[in-house]
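The values are calculated or read from the model by the stated rules, or taken from the named source; none is laboratory data. Everything numeric here is computed off the predicted structure, so don't read it as measured data. Because the Cβ atoms are built from the backbone with ideal geometry, glycine has one as well, and the counts that use them run over all protein chains shown. Ligands, DNA and RNA are excluded from the accessible area calculation, which covers all protein heavy atoms including side chains. Shrake-Rupley method; radii C 1.70, N 1.55, O 1.52, S 1.80 Å.
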Amino acid sequence: MKRSAFASLLLAGVTAAAFVVPATSAAADDVSADALAGKTVFLDPGHQQSAAGHDMSKQVDDGYGGTKNCQTSGMTALGGTPEYEITYNVAEIVKGALQQLGADVVMSRGATGWGGCITDRADKANESGADVAVSIHADSTSVGTDTANHGFHMIIPKLDGITDAEAEKAQAGGGRAASKIMRDVYKDSGFTPSNYLGQDGLNERGDVAGPALTEVPLVFVEMGNGSNPGDAKVLESADGQAKHAKAIAVGIATYLAGGGAAGAAAEDAVAEESGGGSPDSGGGATGGAAAGDSGAGAGGGLLDGVLDRVDDVMDLFEQLISVNGIDSLLALINDGNIAKVEGILGTATDLAGPLLAEAGTA
């Protein structure tokens, strides 16, 4: 939307409420705001910022009758972004989208600090009673650049040898099913299956403790290879993290709610959750400006900042309508989202009149 046209809309007092029209179509009814109500999802962003005060080499149960290191530091992508940051950014977008659809979301760790041993995270997943758990990771094949090996894969546990009968049952049933759904969604989203591990995006292993210790269905996502320039670019950018989050959220929703409508709702929820993200923001693509931001845009001055901020919201609406029709926008409209958008547009409308008058454009 052009700036001049947007100024007219602002002065007319346009708010999110103007978009609330009766949802009469079947598609809008199918994609409900409570598609995942009553469901619990456990999200485990891999690794952690710091192991200060903890021994990562401490031996813990590996789920197969042996032991392994408590935790690892994770990889660092070619651009210098650590895995713990990438995985947390993606998990936060997924969390916000799933919450919009009514799910309860439990996280294994916070954004910073120590994240716990692999056994601790499995225990948290078990205690959550989640309908599905998703462990989010990114792979690495070299300390330098690897132009040959690329692509995503889902780690599925070798079932023979798992010592926890409940974990074996969960991973043999729901874990396998959810992993295959996630693989299919990743492929449908344009991601390429790994050309160096597994087969067609699934990689069976008997040395990964998480799935072997987790008594709820678990999907273990390796989003890509941080050593590969193409994969790293996607993993490190806000747009790329949002794309991964969309695939993960759609995979979860499709598994939990049985397909189509829930998957479509998850796509739209991720679009709203990540639509205001900035590729340069340290916290990833998780929304609009922070509460303490001044609103000053790249063009300089508060006016540009206000218009930029509202442009983001309106552009997102226009994109949703152009791609999927008005129903895709209606699917996002609930009391919580209206309050959020009205807050942004309302503040902008209050400020825009005097600002535009002062600038001589009113």
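Structural remarks
- Gly63 meets all of the listed conditions (1) closer than 22 Å to Pro217 by Cα; (2) more than 21 Å from the chain's Cα centre (by Cα); (3) surrounded by fewer than 20 Cβ atoms within 10 Å (Cβ to Cβ) but one, namely (3).
- Tyr88 within 19 Å of the chain's Cα centre (by Cα), hydroxyl-bearing (Ser, Thr, Tyr) and under 21 Å from Pro211 (Cα atoms): yes
- Test: Asp304 is more than 29 Å from Leu159 (Cα to Cα), assigned to a loop (DSSP other than H, G, I, E, B), at pLDDT below 50 and out of contact with any His (no Cβ under 8 Å at 6 or more places or on another chain): no
- Count of residues meeting criterion [out of contact with any helix residue (DSSP H, G or I) (no Cβ under 6 Å at 6 or more places or on another chain) and either among the aromatic types (Phe, Trp, Tyr) or crowded, with 24+ Cβ neighbours inside 10 Å (or both)] in the stretch 119-129: 2
- Of the numbered criteria (1) more than 13 Å from the chain's Cα centre (by Cα); (2) on the phi < 0 side of the Ramachandran plot, the one Gly258 fails is (2).
- Matching option when the condition is more than 19 Å from Glu236 (Cβ to Cβ), open to solvent by 50 Å² or more (accessible area, probe 1.4 Å) and not basic (Lys, Arg), among Ala165, Ala133: Ala165
- Within the stretch 141-178, the set of residues being under 16 Å from Gly198 (Cβ atoms) and among the charged types (D, E, K, R) comprises Lys158, Arg176.
- Every condition in (1) closer than 15 Å to Glu215 by Cα; (2) open to solvent by 50 Å² or more (accessible area, probe 1.4 Å) holds for Lys180 except the one numbered (1).
- Condition check for Ala209: open to solvent by 30 Å² or more (accessible area, probe 1.4 Å) and either polar (S, T, N, Q) or over 15 Å from Ala247 (Cα atoms) (or both): no
- Selection from the stretch 66-91 of residues that are of a type in the set (Val, Ile, Thr) and open to solvent by less than 30 Å² (accessible area, probe 1.4 Å): Thr81, Ile86, Thr87, Val90
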